[in-house]
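The values are calculated or read from the model by the stated rules, or taken from the named source; none is laboratory data. As the structure is a prediction and not an experimental result, all values here were calculated from the model. Note that each Cβ is placed from the backbone with ideal geometry, even for glycine, and that neighbours are counted across all protein chains shown. Accessible surface areas use protein heavy atoms only, side chains included; no ligands, DNA or RNA. Shrake-Rupley method; radii C 1.70, N 1.55, O 1.52, S 1.80 Å.
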Amino acid sequence: MKIYFLSSRPCALTLNDAYFGLTDHFERFAELSLKDNVFVRFTPENAQPIGFFLNEAVRHSPPAGCEVYLLSNAIAIYARDFPPSDLSLKILCQKHLEKSTLTLFYQGALQLSIETEEGFFVSTLPPSFERSELFYESGLFFLKAPDALAIYTKTGERVLLENYISMDIKSGELHARLPLSDSLGRIADCVWTLDENGVTQIKCALSQARTISGEHDPARLQAELLPFAFFESVLVGADYASLLSNDLAPQAERLKEYLGDFKAVTLTDDPNVCGLVYAKGERLFEVKPFTVTLQNGKIADVQG
């Protein structure tokens, strides 16, 4: 079986103590049998490793610190939360904003504390936020790292966490270009409205440098991006009916019910096939493939 390995920070990956390579957000894979009970270890810098035996139990009980994604013919394991090697308190940044105090600090993991009139809240963050700027905008607290952004309400709720290429805030809206982790270098141009209650995504347009075949054909690029744009629009509640053919558009609501409560959209090597991510349990997800049929630049059918 094909097993994909990913990690929230760069790691040395070993299988039965044999070095396999480095892992990060881009997947690496190996052909392994779950019957072999291979011992897997992710070893990062400045944290304790995550190690576990890879067997049939992974299908229903993710290893500690990991998320497991069940695909139709493979399994993806994402090592996310590593035990800290140092539990001492180290304050990185503190700022007073709008009668509130925000403190970015290490104590085991990287954390942000928010003290407001509503209470005291603590949130754990990825290591990429270690060098961040704290500021207040449109009733929300922003934590801006060189290539990542987090947004919090005054009640301590994190309403956005994204990597970005570029971002700008204007007229109560956040405009950001987001990288998508795939071999074609796809980019999502997104817009969110901002208010004290959170963020609402109102736009998600995709672009990429080349087609699957390596050509630069604007019409073909648009066709290849349409399936992903459709599923993303359903997910965020944007207008997806306009992407459907005249025959399918009247079934827009039934189509949304058919797709169900998915949490994310993933790309595949086939531009007409996307994976929809469904939660099956704590840190356990199933990725179901859905195939889109295009006709005259519109979506004429969706099959899963």
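Results, tabulated for the structure shown:
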read-out: Test: residue in the range 172-180 that is at positive phi, modelled with pLDDT of 90 or more and loosely packed, with under 14 Cβ neighbours inside 10 Å; value: yes
read-out: Residues (of a type in the set (S, T, N, Q) and part of a helix (DSSP H, G or I)) located in the range 224-245; value: S233, S242
read-out: Yes/no for R9 being in contact (Cβ under 8 Å) with a residue 12 or more places away in the chain, assigned to a loop (DSSP other than H, G, I, E, B), open to solvent by 30 Å² or more (accessible area, probe 1.4 Å) and closer than 29 Å to P179 by Cβ; value: yes
read-out: Pair list, Cβ under 7 Å, 6 or more apart: the range 28-45 residue hydrophobic (A, V, I, L, M, F, W, C), other residue open to solvent by 70 Å² or more (accessible area, probe 1.4 Å); value: A30/F20; L32/M1; L34/M1; L34/E56; V38/N16; F39/N16; F39/F53
read-out: Selected residue [crowded, with 18+ Cβ neighbours inside 10 Å, over 21 Å from V277 (Cβ atoms) and of a type outside the set (K, R)] from T43, T23; value: T43
read-out: When residues of the range 257-304 are limited to those that are of a type in the set (K, R) and under 14 Å from F231 (Cα atoms), the one most open to solvent (accessible area, probe 1.4 Å); value: K263
read-out: Selected residue (only one of G108, G51 is among the small types (G, A, S), modelled with pLDDT of 95 or more and farther than 27 Å from V265 by Cα); value: G51
read-out: Strands (runs of 3 or more DSSP E) contained entirely in the range 61-162, each with at least 2 residues that are under 21 Å from Q48 (Cα atoms) and open to solvent by less than 40 Å² (accessible area, probe 1.4 Å); value: 66-70, 74-79, 109-116, 119-125
